[in-house]
Amino acid sequence: MTKILTVLGARPQFIKASAVSRAIIGVGGMQEIVVHTGQHFDANMSEVFFSELAMATPQYNLGIHGGRHGAMTGQMLAGIEEILLKEEPQAVLVYGDTNSTLAGALAAAKLHIPVVHVEAGLRSFNMRMPEEINRILTDRISTWLFTPTDVAAQHLRNEGANDDRIIPVGDVMYDVALHFGARVKTTGGMLDRLGVRPGDYILATVHRAENTDDPVRLGAIVSALTHASRTVPVIWPLHPRTRAVLQRGRLLDGVADSGVRLIDPVGYLEMVELEKHAALIATDSGGVQKEAYFYQVPCVTLRDETEWVELVESGWNRLAPPKDAELLSVAIQEALGTRGRAVSLYGKGDAADKIASRLAADIR
Ligand code: UDP
């Protein structure tokens, strides 16, 4: 039996793992041990995904969260190393670009355990993003680089990765969207509860440090969303970090009397429901940008750049750096009612199966 040890810790990783873990078990001859670092720990940022997406509870939970990047990553590194020494897996699998990703990859590489990186090759070329540092380092020490897009594969080639390490499979989030998202066909009551009509609200999410840690940018986002909410309601499920910053900066007061509805983070199925029926999505999330396209909803990305450039090129997404509230308001107005070109960007929805088959074939 081949033993794969997966390290995860953040919301988008639980969602991606729902497809890949199922495929790993399904392929036969493989066993998966899951380590949750604890990076996301609130019930609505973690537990809800395991129950909704029918995932087994992780065998380990390190309970590490909060604090600065160095301390958090260092504690994870030490905790994961101990588990690796005990479990002796044949490979360690990590997703995306969080501190949990880097800690898992680094702990494994130092013990000469080969690393599997799912969602390899993404680049923003902005080294001030903690995510960019995590992805570049993880890719460098990974044996299997499973890429979601052609652009990601090309980035890896440009950086000198050998072609035999680069394995284009498509995007596992598309697999999840097809598997679970397709079940959310009509409103499950979320829209009624929020008092909004299908096609008549903007959905917003904000969690990137470059926005939450910069009062000018966060202020511009709040003003633009408040402005937009005069004509179309805005539903904003607040990431815990964003809520804390808004509270500290007293930015919530201005929102209170507007058409912006601040709600707690929602589960994946509720999120899909909100995405599918939105008139527009404004976000700085990587996953949500893609989901907007999956559900054919125009998207405004609240960032200076994106890793998912093909969404911008095909007209489904537009970049709106949140430096100025007025420019952002214009971008939102302009995007409402638009559509991109008919394109197929993220594979066939079988990325997880391809990953599992390849690992089963390569590891004995
Ligand atoms: N998501 C969710 N509930 C929310 C907000 C987001 O289930 O309240 C889901 C969303 O549908 C997507 C994923 O979380 O699948 C994106 O995660 P996040 O924005 O935290 O991270 P990123 O994709 O930017 O790495």
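The values are calculated or read from the model by the stated rules, or taken from the named source; none is laboratory data. The model shown is predicted, which means the values in this text are computed figures rather than measured ones. Heads up, the Cβs are rebuilt from the backbone with ideal geometry, glycines too, and the neighbour counts pull from every protein chain shown. Ligands, DNA and RNA are excluded from the accessible area calculation, which covers all protein heavy atoms including side chains. Shrake-Rupley method; radii C 1.70, N 1.55, O 1.52, S 1.80 Å.
Say we look at the range 161-188 and pick out the residues that are open to solvent by less than 20 Å² (accessible area, probe 1.4 Å) and not aliphatic (A, V, I, L, M); which of these is farthest from the ligand (Cβ to nearest atom)? Of everything passing the filter in the range 161-188, G170 is farthest from the ligand (Cβ to nearest atom).
Do any strands (runs of 3 or more DSSP E) lying entirely in the range 1-118 carry at least 1 residues that are away from the ligand (no atom under 16 Å from the Cβ) and open to solvent by 10 Å² or more (accessible area, probe 1.4 Å), and which ones are they?
Values: elements: 2-8, 30-36, 91-95, 115-118.
The qualifying strands (runs of 3 or more DSSP E) are 2-8, 30-36.
N44 meets all of the listed conditions (1) of a type in the set (S, T, N, Q); (2) modelled with pLDDT under 95; (3) under 25 Å from F125 (Cα atoms) but one, namely (3).
Within the range 115-129, residues that are without any contact (Cβ under 8 Å) to a residue 12 or more places away in the chain and in the same structural domain as T98 (by TED's automatic domain parsing) have Cβ atoms under 8 Å from residues that are among the β-branched types (V, I, T) and open to solvent by 10 Å² or more (accessible area, probe 1.4 Å) in these pairs: M127/I133, counting only partners at least 6 apart in sequence or on another chain. When E275, E305 are checked against the criterion of being modelled with pLDDT of 95 or more and part of a loop (DSSP other than H, G, I, E, B), E305 stands alone in meeting it. Note on the range 202-246: residues that are among the β-branched types (V, I, T) and within 16 Å of the ligand (Cβ to nearest atom) total 9.
Residues in the range 274-285 that are open to solvent by 10 Å² or more (accessible area, probe 1.4 Å) and near the ligand (Cβ under 10 Å from one of its atoms): S285 only.
Only residues that are open to solvent by less than 40 Å² (accessible area, probe 1.4 Å) and farther than 19 Å from H40 by Cβ were counted across the range 244-271, and they come to 5.
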